[in-house]
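Below is one structure; the comments refer to it alone.
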Amino acid sequence: MSARSARPDELTRRDLLKTAAGAGAALTLPGCWPAQLFSDNGLTAATAIIRGDYDDNLCSVIEAGLELVPPPEVAGRRVLLKPNLVDLPREGRPIVTHPAMIVAAAEVFRRRGAAEVTVAEGPALQRDVWQIVDAIGLTPLLAEHSLGFVDLSTAPVVAQSNAGGRTGLDPLYYARPVWEADVLVSMPKMKTHHWAGVSLAMKNLFGTLSGLVYGWPRNAFHRLGLHDAVLDFNFTRPADYAIVDGIIGLEGDGPIRGTPIHVGVIVMGVNLPAVDATCARIMGLRPERIDYLALAAGTLGPIGEAGIEQRGESIAAVWASFQVLAHQMALVG
């Protein structure tokens with residue numbers, strides 16, 4: 001992948017506004033989604049659903065998932081784990097990827113021979129990611145496991161051609177470590193989202209874009225179309241694997257004001273649309289009514305049940321009825 005680097009002081013809001021002015025897109029009103037017509041165009045993928053908990057057995061659970069749906073080769077390669085650390089903890093609400101998930105995944109990839117495993121995040125709402133890292137108890141775990149951490153919001157920036165082309169923003173300004181990683185792993189929390197419907201592996205890539213350019217909470221993408229932005233990010237720099245923390249999810253007014261719901265699962269796979277569609281079904285939601293998934297179908301991956309091979313647990317065995325906001329009842333299947 002070729003990349004043109006640029007100094008942060010070169011990436012002005014003028015560049016952003018210039019492309020945004022030509023896009024003319026508006027934010028999709030939340031919860032107004034009719035059932036989308038979609039076709040998987042013959043695409044197929046497999047996802048793994050594994051039961052688990054935040055305990056000493058977590059490494060074995062994640063390893064079992066990797067055996068069911070193998071990731072890309074990691075031996076001798078640089079792995080970047082991208083959890084969802086959206087904001088500071090809020091009254092016990094499970095809004096971030098659990099620290100135990102992060103360190104367990106790092107250990108498993110090291111056992112598979114990864115040359116380097118780094119944790120990285122560019123949170124949407126909190127400018128100082130280290131405040132989140134400290135508040136959730138991740139800091140001592142990073143030291144204990146000799147794991148490096150990178151703030152993607154303030155990391156050096158690279159400009160990349162927008163392969164999706166839906167928002168009109170071109171180029172897209174990414175944190176350089178995202179492009180230098182050989183294997184990018186999206187590690188979101190299983191959550192509802194008051195605008196997008198769900199916050200899962202594909203939407204988790206918001207945090208790979210530069211905060212130095214787009215600011216906090218990256219409102220330019222919301223104005224130009226949240227679902228279109230998700231597509232742009234996943235066409236331009238898709239994650240190579242997904243590990244979704246669904247042990248304790250967040251329902252209701254997600255991604256930060258909802259309430260905990262115990263599901264007890266981890267969902268894993270190479271293809272992110274398939275992983276997100278599987279998570280949506282576990283949550284009791286219809287993936288074809290989530291715009292970014294309907295738009296991804298047949299290009300980035302399959303979202304229909306016929307095109308996704310479920311390995312490990314069945315959806316029916318772990319199904320949980322996530323509560324949604326009143327204007328999102330059309331998502332419930």
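Exactly one residue out of ILE315, ILE247, ILE290, ILE256 is crowded, with 24+ Cβ neighbours inside 10 Å and hydrophobic (A, V, I, L, M, F, W, C): that is ILE290. Scanning the stretch 144-157 turns up one or more residues that are touching a helix residue (DSSP H, G or I) at 6+ places or on another chain (Cβ under 6 Å), surrounded by fewer than 23 Cβ atoms within 10 Å (Cβ to Cβ) and of a type in the set (Asp, Glu). Apart from one condition, LEU169 fits all of (1) buried (at least 19 other Cβ atoms within 10 Å of the Cβ); (2) more than 16 Å from the chain's Cα centre (by Cα); (3) without any contact (Cβ under 8 Å) to a residue 60 or more places away in the chain; the exception is (3).
Among the conditions (1) under 22 Å from GLN328 (Cβ atoms); (2) crowded, with 24+ Cβ neighbours inside 10 Å; (3) not acidic (Asp, Glu), the only one that MET268 does not satisfy is (1). Show the residue pairs that are 6+ apart or on different chains and have beta-carbon atoms under 8 Å apart, the first residue being within the stretch 227-241 and under 19 Å from TYR214 (Cα atoms), the second being acidic (Asp, Glu) and outside any strand (DSSP E or B). Close Cβ pairs satisfying both conditions: HIS227/ASP291. Determine which single condition LEU66 fails, assuming it passes every other condition in (1) surrounded by fewer than 18 Cβ atoms within 10 Å (Cβ to Cβ); (2) farther than 21 Å from GLY137 by Cα; (3) out of contact with any strand residue (DSSP E or B) (no Cβ under 6 Å at 6 or more places or on another chain); (4) touching a residue at least 12 places away in the same chain (Cβ under 8 Å). For LEU66, the failing item is (1).
So, GLY333, is that one modelled with pLDDT under 95, in contact with a strand residue (DSSP E or B) (Cβ under 8 Å, 6 or more places away or on another chain) and not polar (S, T, N, Q) or not? Judged against the criteria, GLY333 is a match.
Taken as a whole, the condition of being over 26 Å from LEU125 (Cβ atoms) and out of contact with any strand residue (DSSP E or B) (no Cβ under 9 Å at 6 or more places or on another chain) does not apply to GLU288. In the stretch 25-40, the residue that is modelled with the lowest pLDDT out of those that are surrounded by 11 or more Cβ atoms within 10 Å (Cβ to Cβ) and not aliphatic (A, V, I, L, M) is THR28. A single entry from GLU313, GLU309 fulfils the requirement of being touching a residue at least 24 places away in the same chain (Cβ under 8 Å), of a type outside the set (Gly, Ala, Ser) and in contact with a Lys or Arg (Cβ under 7 Å, 6 or more places away or on another chain): GLU313.
If the condition is being under 16 Å from the mean Cα position of the chain (by Cα) and among the charged types (D, E, K, R), then the stretch 65-114 contributes LYS82, ASP87. Residues in the stretch 43-54 that are crowded, with 16+ Cβ neighbours inside 10 Å and β-branched (Val, Ile, Thr): THR47, ILE49, ILE50. Each residue in the stretch 91-118 was checked for being of a type in the set (A, V, I, L, M, F, W, C) and out of contact with any helix residue (DSSP H, G or I) (no Cβ under 6 Å at 6 or more places or on another chain), and 8 of them qualify.
Residue-wise test of (1) crowded, with 21+ Cβ neighbours inside 10 Å; (2) charged (D, E, K, R).
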| site | (1), (2) |
| --- | --- |
| ASP56 | no, yes |
| SER60 | no, no |
| ILE95 | yes, no |
| ALA104 | yes, no |
| ARG110 | no, yes |
| GLU116 | no, yes |
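The criterion of at least 3 residues that are within 18 Å of the chain's Cα centre (by Cα) is met, among helices (runs of 4 or more DSSP H) falling completely within the stretch 233-333, by 272-282, 291-296.
The values are calculated or read from the model by the stated rules, or taken from the named source; none is laboratory data. These figures come from a predicted structure and were not determined experimentally. Positions of Cβ are generated from backbone atoms using ideal geometry, with glycine treated the same way; all protein chains shown enter the neighbour counts.
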